[in-house]
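One structure is given here, and the rest of the page talks about it.
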Amino acid sequence: MSSAHPEPFGRLADGTPVHRWTLERGGTRVRVLTYGGIVQSVEVPDRAGVPAGVALGFPDLAGYLACPGPYFGALVGRYANRIAGGRFTLDGRTYQLARNNPPNSLHGGDRGFDKHVWDAEPVGAHGVRLSRVSPDGEEGFPGRLSVSATYSLDDSGALRIAYEATTDAPTVVNLTNHTYWNLAGVGSGSAAGHELRISASRLTPVDDDLIPTGEFAPVAGTRFDFREPRKVGTGYDHNFVLDGPDAAELHDPGSGRVLTVTTTEPGVQLYTGDHLGDGPFGPGDGVALETQNFPDAPNRAAFPSAVVRAGGGYASETVYGFAVR
């Protein structure tokens, strides 16, 4: 029997309907919105078997519309993270994007993928595929991009998000999910006491505008060394260069809940939510682990390429596993 099913979740001001899909399997319940591809909630049990929501979100559509800035649970694109000056050059042509995070472009611009309603269809018994076409020139990006994100649960209850995209002209693509995790449960306060491990021996240092300097700096001997688990603390909004697909592990000692993150992406952005404060959530109430290509990669030849060309394609996958100990 299929667990994937939709229900109405309100309408936008122009009347466009929004739906919420519920997926249940292996002790995990996930709710996904067609608006912004948002992971509205994730419920998993603690070591005593008691379930609780561990992903920050709102109970209704109005909450997301009133508080878009933190990107709660959102599918972020066409280019996640920052592009310096909101500008990049591709095949000799320069493209100007919105500088919605002055002086830079952030998470796709003024109306990125997180602010659109996506088409939805069930995939198997425990998945939903969201899709849309981003037209040529949307938010300044070149190329007509056909993009999809498939959310599914495996038999262990792990959440898998698989992204795919094709274009009719050269463009840049970098997609991620922006869920804030609090494994003690939504509403429990700060997640700064969670224990975090990131499998990264290097990071990309940033300037005062949070744009990479172009260096690859070792984490050894610095506050960025999460190769062994330690309290996550606060004060992080940085891209880590992953040593392999086993990206990260987050653990709440109180509840025993464990989140594991594996990905095909080369990096993960650790954001400790220091600037949260809109809506019911305060600074540090959630930890974001955004699997991604590197910030400003379209302007950095030494970084992994973010270019997608006609005849090729973009594919990325991240798996969020849940356990207790």
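Summing charges over neighbours of PRO218, with a neighbour being any other residue whose Cβ is under 14 Å away from its Cβ, gives 0 when K and R count +1 and D and E count -1.
Compute the FRET efficiency between ALA98 and ALA323 as 1/(1 + (r/R0)^6), taking r as their Cβ-Cβ distance and R0 = 56 Å, and round to the nearest 0.05. Efficiency for this residue pair is about 0.90. Helices in the chain, meaning DSSP H runs of at least 4 residues, each add -39500 (n - 2.57). Divided by all residues, the mean residue ellipticity at 222 nm is -500 deg cm²/dmol. Modelled label positions at ARG47 and SER146, each set 7 Å beyond Cα in the direction of Cβ, lie 5.0 nm from each other.
Rounded to the nearest whole Hz, the Karplus-based 3J(HN,Hα) values (6.51 cos²θ - 1.76 cosθ + 1.60, θ = phi - 60°) of region 167-177 follow the sequence 9, 9, 7, x, 7, 10, 9, 7, 10, 8, 10, with x at glycine and proline. Near the amide H of LEU90, under 5 Å away, which other amide H atoms are found, from residues 5 or more places off or on another chain, if H is placed in the peptide plane? Hits under the 5 Å cutoff: TYR95. Put simply, when 148-157, 38-47, 176-185 are sorted by average Cβ atoms within 10 angstrom per residue, most first, you get 176-185, 38-47, 148-157. Between ASP155 and PHE216, full extension at 0.36 nm per residue minus the direct alpha carbon distance yields a gain of 18.1 nm. Site pair ASP246 and THR264 shows an inter-label distance of 2.1 nm when each label is modelled 7 Å from Cα along Cα→Cβ. Tell me the net charge near ARG325. Cut-off is 14 Å between Cβ atoms, ARG325 excluded, with +1 for each Lys or Arg and -1 for each Asp or Glu. Overall, the nearby charge balance is -1. Net charge near GLY10: determine it from the other residues with C-beta under 11 Å of the C-beta of GLY10, scoring Lys and Arg +1 and Asp and Glu -1. That works out to 0. Amide H contacts under 5 Å for TYR35: HIS19, TRP118, restricted to partners 5 or more places along the chain or on a different chain, H placed in the peptide plane at 1.01 Å from N. Note that region 141-154 has calculated 3J(HN,Hα) couplings of 7, x, x, 7, 10, 9, 10, 9, 9, 9, 9, 8, 10, 8 Hz, one per residue in order, obtained from phi through the Karplus relation 6.51 cos²θ - 1.76 cosθ + 1.60 (θ = phi - 60°); glycine and proline are x. Estimate the FRET efficiency between ASP14 and SER201 by the formula 1/(1 + (r/R0)^6), using the beta-carbon distance for r and 56 Å for R0, to the nearest 0.05. Result of the calculation: an efficiency of 0.70.
Remark: region 185-196, residue by residue, has Karplus-estimated 3J(HN,Hα) of x, 4, x, 8, x, 5, 9, 5, x, 4, 9, 10 Hz, where x stands for each Gly or Pro and the curve is 6.51 cos²θ - 1.76 cosθ + 1.60 at θ = phi - 60°.
In a reduced charge model with +1 at each Lys and Arg Cβ and -1 at each Asp and Glu Cβ, region 5-324 shows a dipole moment near 140 debye about its Cα centre. Along the charge dipole of region 5-324, pointing to its positive end and built from +1/-1 on Cβ of Lys, Arg, Asp and Glu, which listed residue (SER199, ALA48, PRO229) has its Cα farthest out? My answer, from the dipole projection, is SER199. Mind sorting out which of (1) 1.15; (2) 0.94; (3) 1.08 is the real Cα Rg over 2.2 N^0.38 Å computed from the coordinates? Here Cα Rg over 2.2 N^0.38 Å agrees with entry (2).
Fully extending the segment from ALA310 to ARG230, taken as 0.36 nm per residue of separation minus the present Cα-Cα distance, adds 24.4 nm. Between amide H atoms placed 1.01 Å from N, distances below 5 Å from VAL219 occur with ARG202, LEU203, all of them 5 or more places distant or on a separate chain. With a Förster radius of 22 Å, plug the Cβ-Cβ distance of ASP110 and ASP60 into 1/(1 + (r/R0)^6) and report the FRET value to the nearest 0.05. FRET efficiency, ASP110 to ASP60: 0.40.
All of the numbers you see were taken from the coordinates with simple rules; none came from a lab. Just so you know, these numbers come straight off a predicted model, no measurement behind them. Cβ sites come from the backbone with ideal geometry, for glycine too, and all protein chains shown count toward neighbours.
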